[in-house]
1. Which ones in the range 419-465 are of a type in the set (S, T, N, Q) and either open to solvent by 40 Å² or more (accessible area, probe 1.4 Å) or in contact with a Lys or Arg (Cβ under 6 Å, 6 or more places away or on another chain) (or both)?
2. Of the residues LEU113, LEU121, which single one is open to solvent by less than 10 Å² (accessible area, probe 1.4 Å) and either among the basic types (Lys, Arg) or touching a residue at least 12 places away in the same chain (Cβ under 8 Å) (or both)?
3. What are the residue pairs meeting all of these: first residue in the range 8-35, first residue over 17 Å from GLU243 (Cα atoms) and outside any helix (DSSP H, G or I), second residue modelled with pLDDT under 75 and open to solvent by 50 Å² or more (accessible area, probe 1.4 Å), Cβ atoms under 6 Å, and 6 or more apart or on different chains?
4. From the list ARG408, ARG345, which one is among the basic types (Lys, Arg), open to solvent by less than 30 Å² (accessible area, probe 1.4 Å) and either in contact with a strand residue (DSSP E or B) (Cβ under 9 Å, 6 or more places away or on another chain) or more than 27 Å from VAL60 (Cα to Cα) (or both)?
5. Keeping to the range 297-342, report how many residues are open to solvent by less than 20 Å² (accessible area, probe 1.4 Å) and hydroxyl-bearing (Ser, Thr, Tyr).
6. Determine if the range 427-443 includes at least one residue that is touching a residue at least 60 places away in the same chain (Cβ under 8 Å) and within 19 Å of the chain's Cα centre (by Cα).
7. Which numbered condition in (1) over 26 Å from GLY97 (Cα atoms); (2) open to solvent by 40 Å² or more (accessible area, probe 1.4 Å); (3) at pLDDT below 80 is the only one that ARG268 fails?
8. Just the residues that are touching a His at 6+ places or on another chain (Cβ under 8 Å) and basic (Lys, Arg), please, taken from the range 271-293.
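The values are calculated or read from the model by the stated rules, or taken from the named source; none is laboratory data. Small disclaimer: the values here were computed from a predicted structure and weren't measured. Note that we place each Cβ from the backbone using ideal geometry, even for glycine, and neighbour counts take in every protein chain shown. Protein only, heavy atoms only, side chains kept; ligands, DNA and RNA dropped before computing areas. Shrake-Rupley method; radii C 1.70, N 1.55, O 1.52, S 1.80 Å.
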Amino acid sequence: MVNRPHDDVAAPSPGGVAVAGAVARIAGRLDRIPPNRFHVRLATLLGTGTFFDGFDAISVAVVLTAIVAYFHISIGAASLIVSAGYLGQLVGALVVGALSERVGRRPAFAGCLIGFGVLSLLAALSWSSTSLLVFRLLQGIGLGAEVPVAATLMNEYLSTRRRGRVGMFYQSLFGWGLFVAPLVTLLFVGAAGPSAGWRWLFAVGALPALVGLYAWVKLPESARWLAGQGRITEAETLVDQVEAVARRRQVVLAEPEAVPQADSRDFRPSELLHGVYRVRTIMLWAAWFLASFINYGCTVWLPTLFIRLGGAAPSTSLLLTALVGLLAAVCVLTAGLVIDRVGRRRLLMTSFAIMLLGAAIGSLGVGVLAWPTLPVLVAAGLAIGSGASLALGPLWIYTAELYPTRMRSWATSAASGMNRAASIVSPVAIGAVISAGGGVSAIFSILLVCALLGLVVLATMAVETSHRSLEDIAR
C-alpha cells in the first residue's frame with residue numbers, strides 16, 4: 001500500500017533528501033547488528049520504567065482495600081483514585097510523546113522518570129484521599145509519557161531479525177513488576193501493618209528518580225532520531241559504538257543492506273490519521289483500548305474480588321495476585337521465543353483468544369455452571385492475565401514498527417494513550433458494577449465482549465511486520 005499525499009501532511013523540509021539518505025544509512029547499519037552488551041545496558045536503563053509501570057499498575061490494586069479503610073472512603077471514591085493515576089498517564093503520553101519528537105527520546109525519558117519517582121514519594125506521604133488522588137494524577141503524567149518513549153528508543157536500536165524477541169524480553173519486565181508488587185506488599189504489611197504498609201509500597205516507587213538522574217547523563221539518544229534531525233555526526237558516532245561492541249565479541253558484521261529512504265517531512269501530529277497510517281492507527285487504537293480495558297478491569301479489581309466475592313483472606317488474595325503476575329511474566333518470556341517466528345499478527349490474535357476464554361470462564365462459571373466463586377476468579381484471572389500480557393507486550397513493539405522515525409514516539413505515545421484511556425474507564429466501570437451489586441458473571445461478560453471485538457479488529461485490519469526493516473514497514 002502506498003502512502004498518498006494529503007493536504008494536512010507536511011511537505012519535505014529543506015535539505016530533506018540528504019537527511020533521508022543519512023537516516024537510511026544509519027538504519028541499514030543498525031539493522032544488521034546482533035544484540036550485544038550495548039543493547040543489554042540500554043534495556044536495563046529503559047526497563048526500569050517498564051518494570052515500575054507493572055509495579056504501579058498492581059500496587060494500587062493490592063492496597064486498595066487498605067486505602068478504603070484508612071481514609072474511610074467508598075469503593076466508588078477509591079476507583080476515582082485509581083483512575084486519576086491513569087488520567088495523568090493519558091495526559092503524559094499525549095503531551096510528552098509529541099514533545100519527544102522535538103527534544104529527543106533521552107531527555108523525555110529521563111525527565112519523566114525523575115518526575116514519576118518524586119511524585120510517588122509524595123503519594124506515600126498523602127494526608128487525605130484528596131491529596132492521594134492529586135499526587136497519583138501528577139505521578140501518572142511521568143509514567144504515561146516515559147513508557148512509550150522508552151519502547152520507541154529500544155525499538156530504534158534493535159536489529160531486524162531479533163527485534164521481536166529482544167523487545168519482548170525487555171517488555172517482560174512489566175510482568176515482573178506485576179509479580180513483585182504483591183510480594184513487597186506482604187512484606188510491608190507484615191512489618192508495618194495494613195495502615196502503613198501502603199505508604200511504604202508507594203515509597204518504593206520513588207526509586208526510578210535515581211535511575212532518571214543517571215539516565216540523564218548516560219542514556220544514549222536514538223541514532224535514528226539524531227539522523228532525522230540532521231545531526232549526522234552524532235548519529236554515526238553512536239552507531240560506531242554499537243558496532244565496536246559487536247566486533248569486540250568477534251562478530252563479523254555483514255555489509256549494510258539497502259534500506260528504503262523515508263519521506264523527508266517534518267513532524268506533524270495529524271499525519272497519524274492520513275494516508276496509509278489512518279487504518280493502522282484505527283486498528284492499533286482499538287487493540288490498545290480493548291486489551292487494556294480487559295487487563296485493568298481484571299487486574300485492578302481482582303485482589304478486591306478475591307476478598308469481597310471469593311471470600312479469600314487478604315494474605316491469600318495477595319499471593320493469588322502474585323501468581324497471576326508470575327504467569328504473565330512467564331507468558332511474555334515465552335512469547336519472546338516465538339514472536340519472530342509466528343509473527344505479530346498471529347500472536348496478538350492468540351492473546352485475544354486467550355482473554356476471550358478467560359472471560360468466558362468468569363462469565364459462565366458462576367452464573368451458569370454454578371462453580372465455586374474463588375476457583376472461577378482464579379482461573380479467569382490467570383487466563384486473562386496471560387492473554388493480556390501476550391497482547392500488551394507485543395503491542396509496544398508492533399506499534400513502534402508501523403510508523404516512521406519522524407513520528408514514531410508520538411504515534412506510540414498516542415496509541416498507548418488508548419491504553420491509559422481504557423485504564424481510566426475500566427476501573428470506574430467495573431467499580432460501578434460492583435457497587436450496584438453486580439456479580440462475577442456481569443463483570444466478566446463485559447470483558448468477554450471486549451475480547452471478541454479485539455479479535456475481530458485484528459483479524460480484519462492487522463498487517464504483519466516480522467523480519468522487515470522499520471523504514472520498509474513505515475512506507
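1. Here is the first cut: in the range 419-465, the residues of a type in the set (S, T, N, Q) are 419, 423, 426, 435, 441, 445, 460, 465.
Hits for the range 419-465 are SER435, SER445, THR460, THR465.
2. Values: LEU121 fails: open to solvent by less than 10 Å² (accessible area, probe 1.4 Å).
The conditions single out LEU113.
3. Close Cβ pairs (under 6 Å, with a partner that is modelled with pLDDT under 75 and open to solvent by 50 Å² or more (accessible area, probe 1.4 Å)) amount to ALA10/ASP266; SER13/ASP266.
4. On the way: ARG345 fails: open to solvent by less than 30 Å² (accessible area, probe 1.4 Å).
On inspection, the qualifying residue turns out to be ARG408.
5. 3
6. Yes: the range 427-443 contains one or more residues that are touching a residue at least 60 places away in the same chain (Cβ under 8 Å) and within 19 Å of the chain's Cα centre (by Cα).
7. (1)
8. Across the range 271-293, there are no qualifying residues.
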